[in-house]
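The values are calculated or read from the model by the stated rules, or taken from the named source; none is laboratory data. What you are looking at is a predicted structure, and each value in this text was computed from that prediction instead of being measured. Cβ placement follows ideal geometry from the backbone for every residue including glycine, while neighbour counts extend to all protein chains displayed. Quick note on the areas: whole protein, heavy atoms, side chains included, nothing else; ligands and nucleic acids left out. Shrake-Rupley method; radii C 1.70, N 1.55, O 1.52, S 1.80 Å.
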Amino acid sequence: KVFSMYLEEVSELPSYSEEEKAALYGALIKGEQQAVKKLADAWLPRVISIAGGYVTKELPAEDLVQEGNMALLLELRELCGSGAEDASGDTFKKTEQRLARSIEEGIASYASSISGEREQEKAVIGRINLVHEARKLLKQELGREPELSELAGYTKLEEEELKELLYLMERQKKE
């Protein structure tokens, strides 16, 4: 619902012609702060479009757009007053490419970090399941609760990691 309102607000922002954007890029590079806000607003539909390519169940559009907006603002601030006029005078094209690349990289980096967290969670769950099953089997074989060193030998996990996993298992039981 909040995201729908955001999309509606974005659709109401002014759009700029290529000539107007070129003038804004020139002003930005010269250090005129008002160009940052105008360009940030002008780029919001593009941020939404780029973010749309990354949306999944784990990666909601709102989060991706927020990351894209952050990357956009950081890049605009870096460009502001940079005097980065290119020798051929093709500031417009180069600035557009730089902004698009920054947005894409910001969103991709965020998406990758979330995916990496999910993979780590799956790996921990897998090791917890391994320890749980190993404990059951060893308890049956030994007729008692296995010692840490026996679990380590059976699972091929380091004792320190086993301690952490056992702690997580105990905490889970209590919850």
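Below are the figures for this structure:
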read-out: Within segment 158-175, tally of residues that are closer than 14 Å to residue 132 by Cβ and more than 31 Å from the chain's Cα centre (by Cα); value: 2
read-out: Test result for residue 73, in a helix (DSSP H, G or I), among the hydrophobic types (A, V, I, L, M, F, W, C) and free of Cβ contacts under 8 Å to residues at least 40 places away in the same chain; value: yes
read-out: Near pairs, Cβ below 6 angstrom, 6+ apart or cross-chain, from segment 3-28 (closer than 13 Å to residue 42 by Cβ) to any residue that is assigned to a loop (DSSP other than H, G, I, E, B); value: 28/80
read-out: Total residues in segment 111-135, condition among the acidic types (Asp, Glu) and open to solvent by less than 50 Å² (accessible area, probe 1.4 Å); value: 0
read-out: Qualifying positions in segment 57-67 - touching a residue at least 12 places away in the same chain (Cβ under 8 Å) and either open to solvent by 50 Å² or more (accessible area, probe 1.4 Å) or within 17 Å of residue 9 (Cα to Cα) (or both); value: 58, 61, 62, 63, 65, 67
read-out: Subset of segment 41-52 that is of a type in the set (A, V, I, L, M) and open to solvent by 10 Å² or more (accessible area, probe 1.4 Å) - its residue that is farthest from the chain's Cα centre (by Cα); value: 42
read-out: Which numbered condition residue 161 misses (of (1) among the acidic types (Asp, Glu); (2) touching a residue at least 24 places away in the same chain (Cβ under 8 Å); (3) under 30 Å from residue 36 (Cβ atoms)); value: (3)
read-out: Single residue of 99, 138 found to be under 19 Å from the mean Cα position of the chain (by Cα) and surrounded by 15 or more Cβ atoms within 10 Å (Cβ to Cβ); value: 99
read-out: The listed residue being within 30 Å of residue 51 (Cβ to Cβ), open to solvent by less than 70 Å² (accessible area, probe 1.4 Å) and free of Cβ contacts under 8 Å to residues at least 60 places away in the same chain, out of 152, 108; value: 108
read-out: Some residue of segment 77-95 being open to solvent by 40 Å² or more (accessible area, probe 1.4 Å), touching a residue at least 60 places away in the same chain (Cβ under 8 Å) and not small (Gly, Ala, Ser); value: yes
read-out: Top-ranked residue of segment 155-175 - restricted to ones that are open to solvent by 100 Å² or more (accessible area, probe 1.4 Å), among the charged types (D, E, K, R) and assigned to a helix (DSSP H, G or I), ranked as nearest to residue 121 (Cα to Cα); value: 164
